[in-house]
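Structure record follows, encoded as structure tokens.
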Amino acid sequence: MNLAIVGSGYVGLVTGACFAEVGHTVICVDNDLKKVHSLQDGHIPIYEPGLEELVKKNVAAGRLSFTTSIGDAVEASKVIFIAVPTPPQPDGSVDLSFVEGVAREVAVHIKEYRIIVDKSTVPVKTGEKVAQTISRYNPSADIDVVSNPEFLREGSAVEDLMKPDRIVVGVSSDRAIEPMKEIYTPFNAPIMVTDLNSAELIKHAANSFLALKISYINAVAAICEASGANIERVADGMGADKRIGRAFLNAGIGYGGSCFPKDISAFIRISRELGYQFHLLEEVERINADQAQRFLKKVRESLWVLRHKKIGVLGLAFKGNTDDVRSSVAIAIVQQLIAEGAEVKAYDPKAMDKAQLLIPGAKMVEKAEDVAEGADALLLLTEWTEFKPLPWQAMKKKMLSPLLFDGRNLLNPEELRALGFTYTSIGR
Ligand code: UGA
């Protein structure tokens, strides 16, 4: 099928590449001309495993192209996906101006039946507003609006998209169901058809529930620390119950990224507007904010004074396998260390360029082990698996004092303690 995707960010680009991979003809639209040119030349603006190969292969096969022209894309495609940013606003609500802008622009180009699919994460009832907007700017437009939320995780986006647990399709009219099924049949996943509002809610409710699992396990980790229990054994024991599941029960410094913090705030906000005060999610946010502070408290308790202390930081991305530093807890911790007068040397396998803009006071080093040089303490802040086999013994020798704070429970406490580190992690 001929498909258009408006917005070539994380979701749009990965979705476009995967749709092309299963045989659809896809036009990706972006208003950033420089980005479009660089994508046409095969340069991917983000680090996402497997994406570059997929884009190059499908561009070469003629199934994937990039343009700045919404008009051309709307003319050529029966289904138009909106995958533009929905950034947070200071009051916790979501800025829907990009979605609204695309709806208006698409509207004026519609000449025959088109399906407009919202893939961006939006508050419930946005689809209804998109439909109203299109009708207002083009009263004769023959359209259906669909909500088709995306569940991909950064760092494993291609795999998540190619092998989804489920596809959610929220429709306003039955006419859109068959074309949507045709698009997704090659992905061999259950297709769940709902009404528009339910589909939008599924996305916010799912992300909020995952964040709730993380805050729950972080709260239990605090009880583990106070009682001498081990959070990993507790999480394993809980997670073995199929009704609970082990995933997203990894204690750490809290969740970050461009999705959870924003989506939880937005869900609280829209719930309030609809007359429900979502205290449970407010607590999830509070626990999450507290988690970084609890971690910093441990660092301060050991080092006493942070001023002029040399601190080595491993990991800046909001999680492993990505170069994304948006709302990264690691960045927030480094900012606080610097604000308190510490000298920070940092390393991240992929995120240093983006991180440097946010933490200009930190010195980026070329190799992970270089953060240990002359350090009073090391902080591991992102769950990159490549940090596990670092030459810890040699690193310890380079340090002034062997303090190691593992904010992601990535390393084995016994092994690190056997090497002579004073090793502190979360709930163990
Ligand atoms: C999340 C969801 O997992 C996706 O399903 C969703 O599509 C996406 O948001 C989105 O709305 O677009 P993502 O933000 O890429 O995906 O990252 P996650 O893997 O969910 O991790 C989020 C944060 O939680 C990270 O900071 C991670 O380190 C943290 N985390 C995750 C934990 O602290 N503990 C865990 O057990 C799991």
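The values are calculated or read from the model by the stated rules, or taken from the named source; none is laboratory data. The shown structure was predicted, so the numbers you read here are calculated from the model rather than taken from an experiment. Counting neighbours? That spans all protein chains shown, and the Cβs are built from the backbone with ideal geometry, glycine included. Calculation scope for accessible area: heavy atoms of the full protein, side chains included, ligands and nucleic acids excluded. Shrake-Rupley method; radii C 1.70, N 1.55, O 1.52, S 1.80 Å.
Overview of results
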quantity	calculated
Residue 93, sole failed condition from (1) within 16 Å of the ligand (Cβ to nearest atom); (2) hydroxyl-bearing (Ser, Thr, Tyr); (3) at pLDDT below 95	(1)
Condition check for residue 332: open to solvent by 10 Å² or more (accessible area, probe 1.4 Å) and either among the aliphatic types (A, V, I, L, M) or over 30 Å from residue 89 (Cα atoms) (or both)	yes
Meets criteria (open to solvent by 60 Å² or more (accessible area, probe 1.4 Å) and either under 19 Å from residue 288 (Cβ atoms) or touching a Lys or Arg at 6+ places or on another chain (Cβ under 7 Å) (or both)) for residue 327	yes
Criterion (in the same structural domain as residue 142 (by TED's automatic domain parsing) and surrounded by fewer than 19 Cβ atoms within 10 Å (Cβ to Cβ)) met by exactly one of 68, 86	68
Residue check for residue 168: open to solvent by less than 20 Å² (accessible area, probe 1.4 Å) and either assigned to a strand (DSSP E or B) or modelled with pLDDT under 95 (or both)	yes
Residue list for segment 171-195, filter: open to solvent by less than 70 Å² (accessible area, probe 1.4 Å) and in a helix (DSSP H, G or I)	176, 177, 179, 180, 183, 184, 186, 187
Matching residues, segment 210-246, being basic (Lys, Arg), over 30 Å from residue 90 (Cβ atoms) and within 11 Å of the ligand (Cβ to nearest atom)	246
Single residue of segment 275-291 satisfying the filter (more than 24 Å from residue 149 (Cβ to Cβ) and more than 11 Å from the ligand (Cβ to nearest atom)) that is least open to solvent (accessible area, probe 1.4 Å)	287
Any hit, segment 188-204, residues being within 23 Å of residue 279 (Cβ to Cβ), of a type in the set (S, T, N, Q), within 13 Å of the ligand (Cβ to nearest atom) and modelled with pLDDT of 95 or more	no
Single residue of segment 1-11 satisfying the filter (of a type in the set (Val, Ile, Thr) and in a strand (DSSP E or B)) that is nearest to residue 84 (Cα to Cα)	6
Output for segment 123-142, where each listed residue is assigned to a helix (DSSP H, G or I) and touching a residue at least 60 places away in the same chain (Cβ under 8 Å)	126, 127, 128
Residue tally, condition open to solvent by 70 Å² or more (accessible area, probe 1.4 Å) and either away from the ligand (no atom under 16 Å from the Cβ) or in contact with a Gly (Cβ under 6 Å, 6 or more places away or on another chain) (or both), over segment 247-274	3
Filter result for residue 160 (open to solvent by 20 Å² or more (accessible area, probe 1.4 Å), in the same structural domain as residue 81 (by TED's automatic domain parsing) and within 27 Å of residue 259 (Cβ to Cβ))	yes
Residues within segment 95-137 that are open to solvent by 20 Å² or more (accessible area, probe 1.4 Å) and either assigned by TED's automatic domain parsing to the domain that holds residue 264 or among the aliphatic types (A, V, I, L, M) (or both), tallied	3
Pairs with Cβ under 7 Å, 6+ apart, first in segment 143-167 and closer than 17 Å to residue 5 by Cβ, second part of a strand (DSSP E or B) and within 12 Å of the ligand (Cβ to nearest atom)	148/168; 149/168
Check on residue 55, touching a Leu at 6+ places or on another chain (Cβ under 9 Å) and either among the aliphatic types (A, V, I, L, M) or closer than 23 Å to residue 160 by Cα (or both)	yes
Residue 174 vs. criteria in the same structural domain as residue 11 (by TED's automatic domain parsing), more than 16 Å from the ligand (Cβ to nearest atom) and of a type in the set (Asp, Glu)	yes
Qualifying position, being in contact with a strand residue (DSSP E or B) (Cβ under 7 Å, 6 or more places away or on another chain) and modelled with pLDDT of 95 or more, among 317, 332, 351, 342	342
